[in-house]
1. In the stretch 418-507, carbon and sulfur make up what percent of the accessible area (probe 1.4 Å)?
2. At residue 569 and residue 33, where each label point lies 7 Å from the Cα along Cα→Cβ, what is the point-to-point distance in nanometres?
3. Residues of the chain: accessible area per residue at 1.4 Å, in Å²?
4. Between residue 100 and residue 240, with labels modelled 7 Å along Cα→Cβ, what's the label distance in nm to one decimal, could you check?
5. Relative contact order for the chain using alpha-carbon pairs under 8 Å, separation at least 6, rounded to a whole percent?
6. What are the ³J(HN,Hα) values, in whole Hz, obtained from phi via the Karplus relation 6.51 cos²θ - 1.76 cosθ + 1.60 with θ = phi - 60°, for each residue of the stretch 159-165 in sequence order, with x given for Gly and Pro?
7. Which one, [x] 18; [y] 14; [z] 35, gives percent of Cα pairs over 47 Å apart as derived from the coordinates shown?
8. How high is the relative contact order of the stretch 341-447, in percent, with contacts defined as C-alpha pairs under 8 Å that are six or more residues apart?
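The values are calculated or read from the model by the stated rules, or taken from the named source; none is laboratory data. Just so we're clear, the structure is a prediction, and the values are computed from it rather than from any experiment. Positions of Cβ are generated from backbone atoms using ideal geometry, with glycine treated the same way; all protein chains shown enter the neighbour counts. What goes into the accessible areas is simple: the full protein's heavy atoms, side chains included, and nothing from ligands, DNA or RNA. Shrake-Rupley method; radii C 1.70, N 1.55, O 1.52, S 1.80 Å.
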Amino acid sequence: MASEGTGTHKDPVTGEMISKTELKRREKQREREARKQEKAAAAPPAQDGSANAPNEDDLNPNQYFELRSRAILKLKETQDPNPYPHKFHVTKSIADFVREYGEDGLIAPGKKLEGVLVSLAGRIHNMRSSGSKLKFYDLHGEGTHVQILANARDAADEKTFMATQQIFRRGDIVGVVGTPSRSQKGELSISPSEMVLLAPNLHQLPSGHFGLKDQETRYRKRYLDLLLSDDTRRIFITRSKIINYIRRYLDALGFLEVETPITSMVAGGATAKPFVTHHNDLNLDLYLRIAPELYLKELTVGGLDRVYEIGRVFRNEGIDLTHNPEFTLCEFYMAYADMYDVMEITEDLLEGMVRYLNNGSTVMKYHPEGKDGKELVMDFKTPWKRYDMIETLEEKLGVKFPPSETLHTAKANKFLIDLCRKHGVDCSEPRTNTRLLDKLVGEFIEPLCISPAFIVGHPQVMSPLAKNHRSRPGLCERFEAFLCGKEICNAYTELNDPFEQRLRFEEQARQKEQGDDEAQPIDETFVNALEHGLPPTGGWGMGVDRLVMFLTDSPNIKEVLLFPAMKPIETNATPSGQQ
């Protein structure tokens, strides 16, 4: 038998599936409220002409929802008016209204712009009354707002107008037909001849003064967060501007935007643990992509010399302040270029972007612990500082590293393990040379990169897809850009030697056998593409979400994702069989 907590009974008012016990509780509550309403209906009307009704501010959320649902269902039944009309003709956005009629001196206080009729639509945030026939509303939309000065004497049909005013609640979406005006205090307004309910809000809207403070609710109900927080809206508008800037920049350099598969039989192109899914018709397990890299390089083999993609990638890893399991990545590949060309593009792209977003300045501030915490000052002015990985580690740790061409050996592994132990750097199993080096860099070099900086001189063992350094044996041509101690992009002179690529893949496969879930498997299709000839190529990838964090002063990656990954809400179900 189904449990009480699974929702086995339908609420006839709200349509929710709830337990039998909860349904009985609601029915009794409704009976009590119905009796109260009958008494109120029999009582004489109040002085302002409105019927006695419960003070909605005193109701809890469930009581308010039930009361409002019942009222709207009644309107659906009577169609007087229809609470969900199909269409309302809008002649002007609220932003355009403010821009056009908000000019000082155009409309005098207490006056209207006679002969002008406009139609606006938006959501009511605040409501105030001044007597029985004058109400003020704040109408919000497109990130701005305007006052509705609803006076019964301006109405086309006073009786209908007054009846409609009784329906409206905070959070309702309404249409307004009226004349631009200013209140006696000089506030820009619209004086309506008609107001129409377009979509009622059945729930209590959180106070405009206190807003939505609970962080979990903000992330789970982003629509409420956007309704109530101008700062949240600003973050996502900035995010859109950043993505559009990248797109325009690359298009201007002659790059072609492409799309590559989300699912594939091999998860390659990055060092990460993939998500696994299943194709029913083919009876085949597939991976969600961890990077589009290999596909994009195959396109470069095919003669698309400059390609890029901006899209979602998926990595089955932990969630923290700077990591989300799915995130937006931009990658581009540029034939006949190398890491040094790509480094110049990176500096030029990001300096120009920051100037575009920041009124021409290259200096921005970031608060990693929140607005009241410590402040980091970032300067994007080029050229950026460069840190050579091995040389910087030797300087910081006071040791001499083994020759670069031996950093893949067992002897180097012992050296790195001992070095990590000596300096208290924790590295969980498997303690491969790559992971040990990565931990040391994270501890001693990355924190130096507050303003954007490059880390260069990576050992080959850390970069299975990068070309070996042309003058430094054992190293590869790769850079990572860091900002506020966090990686924002990664780039190579791409490995285009199919013989070397196969050896690198085989080494990765050995690491996978040792227990490294993030090591890459051999991708025969990609190797075959290299065998047809990949021109000398510069490749680049950047995590868009993390960049948006820094450029919007957001300390948590969830702040810059409209719908971040969240743990499911736990519900307490009654044990099965207890009906």
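1. 46 percent
2. 1.9 nm
3. 51 Å²
4. Here the modelled spin labels are 2.1 nm apart.
5. Answer for the chain is 13 percent.
6. 5, 5, 4, 5, 5, 5, 4
7. Entry [z].
8. 18 percent
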